[in-house]
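The values are calculated or read from the model by the stated rules, or taken from the named source; none is laboratory data. Everything numeric here is computed off the predicted structure, so don't read it as measured data. Every residue, glycine among them, receives a Cβ derived from its backbone with ideal geometry; neighbour counts consider all protein chains shown. Remember, those area values only see protein heavy atoms, side chains included, never the ligands or the DNA or RNA. Shrake-Rupley method; radii C 1.70, N 1.55, O 1.52, S 1.80 Å.
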Amino acid sequence: MGKVKCAIIGSGNIGTDLMIKILRYSDILEMSVMVGIDPTSDGLARAKRMDVATTHEGVDGLIAMEEFKEIAIIFDATSAKAHLYNYDRIKAFPNKQMIDLTPAAVGPYLIPPVNSSAIEDVDNVNMVTCGGQATIPMVAAVSRVAKVYYGEIVASIASKSAGPGTRANIDEFTETTSDAIEKVGGAERGKAIIVLNPAEPPLIMRDTVLTLSEQADKDAIRKSIADMAAEVQKYVPGYRLHQEVQFDDIPEDKPVFIEGLGYRHGLKTMVLLEVEGAGHYLPAYAGNLDIMTSAAKATAEKIALMKYQTA
């Protein structure tokens, strides 16, 4: 089978890391074009050194290139606002699949070990956020054992790993992740918080996941969480539980109030995670970027096998 050609729009940290992953580690995808808007960006310079075609004229420059005709998969690693324009331009061309690494949420949310079926019959899938990729699998793991009333996640990332695109998308991060906790994670209500940690030396990504569910077998929840973590580790080796899963019973006579739902009692589950980056382009503390690019690569490879590869 021949490799499926792809392009990346966005030559910043995320786009560059994704390019390196594809070039070095994918037997299915082929890097065709790196797209940016700053001709002096390090991402475009690296692409040229690695014999990848480039343009600094954005998506319109990509469409004008001869290589565009053979490109099947286009990653967007820009910003939520820019994605709206980029997708509007790309969707006019048949047989082009977009994978959105911004919180624009134009296409359906996609968390690889949870809802891979979402890639069928759509030309744009959304990778939610770094926090969503790390934590929603855990909410879903609890949800497949017991009804989850509420899911809350706190993603703490090193300030140095948050570039201009991440900082510009803070509002979209919280809104998109909260929505995906409900639509993909299975919680009735979701809430997301992001913390930019200024500590020196920088700390790796840490995530806290809290759920309130119906009472359920705690061992079954532990197993479901461990099984889900193992699925994520298949494409993000640095993903792991930081501590044992913790539980707290919320009795019926002492329920907690959940905005939009009212009072609920049941089982509180807390999952503490850490995500260490692979260090392909950025330091290991940037696990937030690594989990996004790794999830996007895994999604693209599945799409390639499903829609584009032929013998």
What are the lysines whose alpha-carbon lies under 23 Å from the alpha-carbon of Lys268, with same-chain residues fewer than 8 places away excluded? Lys147, Lys183, Lys191, Lys218, Lys223, Lys254
Run the simple label-point estimate for Lys48 and Glu175 please: 7 Å along Cα→C-beta, distance reported in nm. 3.8 nm
How would you order 81-87, 195-201, 125-131, 216-222 from highest to lowest mean count of nearby Cβ atoms within 10 Å? 125-131, 81-87, 216-222, 195-201
Per residue accessible area of the range 98-221, 1.4 Å probe, in Å²: 37 Å²
Note the full-extension length gain between Asp123 and Ala168 as 0.36 nm times their separation in residues minus their Cα-Cα distance, in nm to one decimal. 13.7 nm
Give the peptides 38-48, 60-70 in descending order of average Cβ contacts within 10 Å, highest first. 38-48, 60-70
In nm, give the distance between the simple-model label positions of Tyr85 and Glu231, each being 7 Å from the Cα along the Cα-to-Cβ direction. 3.8 nm
Filtered hits (aspartates and glutamates, Cα-Cα < 16 Å from Lys3, offset >= 8 within chain) -> Asp27, Glu30, Glu67, Glu70, Glu301
Quick check: at a probe of 1.4 Å, how many percent of the accessible area of the chain sits on carbon and sulfur atoms? 50 percent
Here the net charge surrounding Thr102, from other residues whose Cβ is less than 11 Å away from its Cβ (Lys, Arg +1; Asp, Glu -1), is -2
Order the following by accessible area, largest value first: Asp248, Asp27. Probe radius 1.4 Å; ligands, DNA and RNA are ignored. Asp27, Asp248
Please name whichever of Ile258, Thr208, Ala298 sits farthest to the positive end of the charge dipole of the range 199-311, dipole taken about the Cα centre and charges placed at Cβ: Lys and Arg +1, Asp and Glu -1. Ala298
From largest to smallest, what semi-axes in whole angstrom does the range 157-223 give when each is the square root of 5 times an eigenvalue of its alpha carbon gyration tensor? 28, 17, 8
Looking at the chain, I'd like the Rg to Rh ratio, where Rg is from alpha-carbon atoms and Rh is Kirkwood's inverse mean 1/r. 0.99
Residues other than Tyr239 with Cβ under 11 Å of its Cβ, Lys/Arg counted +1 and Asp/Glu -1, net out at -3
Search the structure for amide H atoms under 5 Å from the amide H of Arg189, placed 1.01 Å from N in the peptide plane, and list their residues when 5 or more places away or on another chain. Tyr150, Gly151
Using the charge dipole of the range 43-163 (Lys, Arg: +1 at Cβ; Asp, Glu: -1 at Cβ; taken about the Cα centre), state which of Tyr85, Ala162, Leu110 has its Cα farthest towards the positive end. Ala162
3J(HN,Hα) from dihedral phi, the range 107-116, Karplus parametrisation 6.51/-1.76/1.60, rounded to Hz, x for glycine, proline: x, x, 5, 9, 10, x, x, 10, 9, 4
For the range 261-267, Karplus-derived ³J(HN,Hα) couplings (6.51, -1.76, 1.60; θ = phi - 60°; whole Hz; x for glycine and proline) come out as 10, x, 7, 9, 10, x, 10
Dipole of the range 1-60, Cα-centred, from +1 at each Lys and Arg C-beta and -1 at each Asp and Glu C-beta, to the nearest 20 debye? 240 debye
Considering only DSSP beta bridges with both partners in the chain, what is the antiparallel share in %, to the nearest 5? 50 percent
Roughly speaking, what is the stretch gain from Lys3 to Glu252, that is 0.36 nm per residue apart minus the C-alpha to C-alpha distance, in nm to one decimal? 84.0 nm
Spin-label point model (7 Å from Cα, Cβ direction): what's the Lys96 to Glu214 distance in nm? 4.6 nm
